[in-house]
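Coordinate-derived values only; no laboratory data. Everything quoted here is computed from the prediction, not taken from an experiment. Counting neighbours? That spans all protein chains shown, and the Cβs are built from the backbone with ideal geometry, glycine included.
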Amino acid sequence: LAGLIQASDGNFYGATLQGVGASLGTLFRMTPANALTPLHAFGGGDDGGNPLASLVPGSDGNLYGTAFTGGSNGVGTVFSLSTNGLFTPLWSFNPTNGTYPAGSLVQGSDGKLYGTTSAGGTHDVGTVFSLSTNGSFNSLVSFDYTRGAYPSNGLVQTTDGAFYGTAASGGTNRLGTVFRLTADGTLTPLHSFNYEDGAYPVGGLVQATDGNLYGT
């Protein structure tokens, strides 16, 4: 389900949802000459399982990602992967701070990784979190239907320094929202969908050169 990224070494890196070992997914490297090397086979334990999202490059040269299942509580993990194949589990989610991360991470200008979980939190409808690259975790927001619910994609940090994202449900009409999040954890709904303008956004946002955000 996840796309490829090209890392600083020129190679492409990606994830598969299933396959190899316990059929819980793999991480792999592919050269521009199409030589493919499996780097990690998920086992469903502390490493996680079934990654849904693309990897993201960190400023330290490592790649970072989320696994939808597995971990200490069976509800997902965050991990790092070096370009030489060293895999390191960083965080195991739990029902309090979020479960089942489905979206990609983004590295903020402060060096921390930011992401969402599609469930869990106070109302079991998803969370936003930050994580330092050494594994220090901070739960920032628990969604509550009013501000959105079940975010299924990651965040984007824009030129104003804030993070923006979509929630697939919740809001005024329970049809999804667009929201803004500041680094201190203040979340503000910006739009509630109403069928006329769309409903149930599951994709992420992108900031264009005109400064506006675009999504589906």
I want to make sure I understand the PRE zone here: with the label point 7 angstrom from the Cα of THR146 toward its beta carbon, which residues in region 174-207 have backbone N atoms less than 13 Å away? 187-189
By what distance, in whole Å, do the Cα atoms of the chain stretch along each of the three principal axes, largest value first? 48, 40, 31
For region 27-82, average projected area of the Cα convex hull in nm²: 4.0 nm²
Hey, got the dipole for the chain? About the Cα centre, +1 on K and R Cβ, -1 on D and E Cβ, debye to the nearest 20? 200 debye
At most 11 other Cβ atoms within 10 Å and a DSSP loop assignment: could you name the chymotrypsin sites (Phe, Trp or Tyr not before Pro) in region 178-214 that fit? TYR195
In region 57-216, with Lys and Arg counted as +1 and Asp and Glu as -1 at Cβ, which of these residues, TYR150, THR216, LEU205, has the Cα nearest the positive end of the dipole, that is, farthest along it? TYR150
If each residue of separation counts as 0.36 nm, what is the full-extension length gain between GLU196 and ASN94 once their alpha-carbon separation is subtracted? 33.1 nm
Gaussian network model of the chain, Cα springs within a sub-10 Å range: biggest mean-square fluctuation belongs to which of GLY25, GLY61, GLY176? GLY61
